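J.: Supplied in structure tokens, the structure appears directly below.
The values are calculated or read from the model by the stated rules, or taken from the named source; none is laboratory data. Model, not experiment: these values are computed from the prediction. Counting neighbours? That spans all protein chains shown, and the Cβs are built from the backbone with ideal geometry, glycine included. Remember, those area values only see protein heavy atoms, side chains included, never the ligands or the DNA or RNA. Shrake-Rupley method; radii C 1.70, N 1.55, O 1.52, S 1.80 Å.
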Amino acid sequence: MKDPHTIIRQPLITEKATKAMDEGGVYVFTVAPSANKIEIKAAIEDIFDVKVRTVNTVNQIGKRKRLGRAIGFTKAYKKAIVTRAPGHKINLL
């Protein structure tokens, strides 16, 4: 098994993710692109000592950006949307 800290890179803190945390116990993390749902679930349970109900993943592609004449892309990443079991809480801050 891979190291849990290499699978889970960082929590993704946005307005939408913060609202989901407060209302439904849903947390969003950026994860390694090679990680699958089973590895992500095991890593979250190991790092934060909580019970995970579901894991959904999304591959975010890099957006095309311009800076003057130069054209580039923002970084692509994979994010995991984790729903915790009732009665558990993940302390991110």
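J.: Considering only the other residues whose Cβ falls under 13 Å of the Cβ of VAL58, what net charge follows from Lys and Arg at +1 and Asp and Glu at -1?
T.: Here the charged neighbours net out to +4.
J.: Under a cut-off of 16 Å between alpha-carbon atoms, report the aspartates and glutamates in cross-link reach of LYS79, not counting same-chain residues fewer than 8 places apart.
T.: GLU15, GLU39
J.: How much of the accessible area of the chain, in percent, comes from carbon and sulfur atoms when a 1.4 Å probe is used?
T.: 52
J.: Something else about it: At 0.36 nm per residue, and after removing the present C-alpha to C-alpha distance, how many nm does the segment from ARG66 to ASP22 gain when stretched out fully?
T.: 12.3 nm
J.: Tell me the angle of helix 15-24 to the major Cα principal axis of the chain, expressed in degrees between 0 and 90 and rounded to the nearest ten.
T.: 20
J.: Helix-only estimate, please: 222 nm mean residue ellipticity of the chain, summing -39500 (n - 2.57) across DSSP H runs of length 4 or more and dividing by its residues, to the nearest 500.
T.: Value at 222 nm, helices only: -8000 deg cm²/dmol.
J.: Among 42-53, 71-82, how do they line up from the highest to the lowest mean number of other beta-carbon atoms within 10 Å?
T.: Working: 42-53: 17.4, 71-82: 15.1.
The packing order, highest mean first, is 42-53, 71-82.
J.: For helix 37-48, report the angle its Cα long axis makes with the longest principal axis of the Cα atoms of the chain; keep it between 0 and 90° and round to the nearest 10°.
T.: Rounded to the nearest ten degrees, it is 70.
J.: So how far apart, in nm, are the two label points at ASN56 and THR14 if each is 7 Å from Cα heading toward Cβ?
T.: Spacing of the two 7 Å Cα→Cβ label points: 1.3 nm.
J.: Restricted to Cα positions, what overall size does the chain have along the principal axes? Three whole-Å values, descending.
T.: Each principal axis gives a Cα extent; for the chain these are 52, 32, 21 Å.
J.: Where only protein heavy atoms count, and the probe is 1.4 Å, what is the accessible area per residue for the stretch 1-71 in Å²?
T.: So the stretch 1-71 comes to 72 Å² accessible per residue, rounded to a whole number.
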